[in-house]
Each structure stands twice: as C-alpha cells, then as structure tokens.
Amino acid sequence: PELPCRLDQPPPREGHEPVVRARGPVVPPTNFQVIGLVSRAAYGRALEGCPVDSGTRVLLAPSESHPLNFMAEQAVLQALSRRGITALVRRTLIPDDSLASVGAAAGEPVLEYQLATARVTYLRLRGWLPGRVKVERQGLVEGALTLRDPGTSAILWTQNASYNLVDAFPRARLGLVEDARFTELKAPVPGRTVDKAIEPIAVVAVVAGLIALFFQNRP
C-alpha cells in the first residue's frame with residue numbers, strides 16, 4: 001500500500017495553499033478540501049497511463065454510486081482537460097446491456113470512474129500543552145478507472161486510483177474543518193488513556209527530582 005504523504009510535502013503536480021488571514025493564525029483546510037486535493041492527486045496519477053490521445057472525446061460515467069461521486073467526476077474532468085481530452089458527462093450508471101446504445105452511436109470510448117472509499121480519519125493527538133494540542137488527520141481516496149469499447153463492452157484499459165495525505169490541525173478548530181452536510185468526512189477524535197496522560201507528569205517529576213538531588217549533593 002502507498003505510504004501517506006504529508007501536506008507539508010506537496011503531492012505530485014499540485015501544491016497546497018493554506019488560507020491565511022491578514023492577522024492571526026493559519027486556517028486549516030477543511031476535510032472537504034483535503035478530500036478534494038486527494039481526489040485530484042489519485043485520479044490525475046491514474047489517468048497518466050490512459051491510452052487516449054489528445055483531441056479525443058470520451059463518455060465519462062460512474063461505475064458505482066457514491067455520495068461523493070461529484071468529487072471524483074471533477075477530479076477526472078480536470079485531469080482530462082490537462083491532457084486535451086474532451087468529455088461528455090453522464091451522472092447515472094450505464095447498464096451493460098445498454099452500453100452500445102449509449103456510446104456506440106458516436107463511436108466514443110466509455111471512461112468509467114469508481115469511488116470506493118473517500119474518508120477522513122483522525123489518527124492521534126499531538127502535543128500536551130493547553131491550546132497547543134493538534135489532531136493528526138488522514139484523508140484517503142480509493143477508486144479505479146476503466147476504459148471500455150462502447151460496441152463490444154470489452155475492457156480496453158483499467159487502473160487503480162488511490163492516494164492519501166496526512167496533516168495536523170489545532171484541536172480547537174475541529175468545528176471549522178468538519179461540514180455537517182458530509183457525514184462521510186467526519187470522524188471521532190481519539191482520546192488518551194490514563195497511562196498516557198500520567199506519563200508526561202511522571203517524566204517532569206523524575207527530572208525535577210534529579211535536578212533537586214544534584215543541587216542537594218553539591219558541596
């Protein structure tokens with residue numbers, strides 16, 4: 001599986017622009033923005049090997065239903081545009097028995113996209129100082145692209161599309177990164193066990209004890 005890429009390390013062919021106020025801290029990207037960025041990276045990379053020449057037109061359609069299909073569609077359209085490929089867009093599934101009637105008339109290959117997974121996961125909490133605790137976040141997209149002949153339904157080419165990014169944002173800004181409209185892009189925030197909470201206190205106590213012992217034993 002592909003290792004996660006951090007947002008402070010730009011993904012291939014695409015940077016990450018933070019939103020910054022004239023005065024004040026950086027505003028973290030929302031979960032929606034993170035998944036959009038990951039989608040563009042995933043489908044853009046997947047299309048690099050697609051055997052369709054510039055100037056060709058394809059029929060773009062989903063192969064499965066998903067609440068966030070529109071994000072995958074937009075990512076594929078942007079990648080096609082960069083390659084000089086035009087597209088007719090269909091937003092409903094194409095049954096196998098009607099594939100010929102949909103695409104054969106124009107003789108255009110059918111490019112189907114699948115969005116299997118699009119989710120945000122909060123991995124862990126980072127830091128201990130009040131007001132400085134951050135939530136480590138992972139945005140993940142997994143899917144596939146399939147190019148089919150409209151006349152025979154034969155698969156001409158297929159490629160997996162997957163990518164993920166990891167970043168961190170202040171825990172106090174959790175309400176800003178989540179959107180109530182997209183339950184798929186919300187996740188429970190991890191907590192800390194009692195042992196983990198006591199550990200930094202114990203370390204501080206041990207260090208303080210060693211310092212006190214050092215000065216006590218000085219002549």
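Derivation of every value follows stated rules applied to the coordinates shown; laboratory data play no part. Everything quoted here is computed from the prediction, not taken from an experiment. As a convention, Cβ positions derive from the backbone with ideal geometry for all residues, glycine included, and neighbour counts pool all protein chains shown.
Basic side chains Lys and Arg get +1 at the Cβ, acidic Asp and Glu get -1 at the Cβ, and with that the dipole of segment 39-193 about its Cα centre reaches some 1120 debye. With each label modelled as a point 7 angstrom along the Cα→C-beta vector, the ARG171-LEU156 pair spans 5.3 nm. What does the C-alpha gyration tensor say about the overall shape of segment 21-163? Classify as rounded when a/c is under 1.5, otherwise prolate if a/b is larger than b/c, or oblate. Prolate, because a/c is 1.5 or more and a/b exceeds b/c. Qualifying chymotrypsin sites (Phe, Trp or Tyr not before Pro) in segment 86-171, where qualification requires a DSSP coil assignment and no more than 15 other C-beta atoms within 10 Å, comprise TRP128.
Taking loop as defined by DSSP and a crowding limit of 12 other beta carbons within 10 Å, which trypsin sites (Lys or Arg not before Pro) in segment 59-102 fit? Here the trypsin sites (Lys or Arg not before Pro) that fit, given the DSSP loop and packing criteria, are ARG91.
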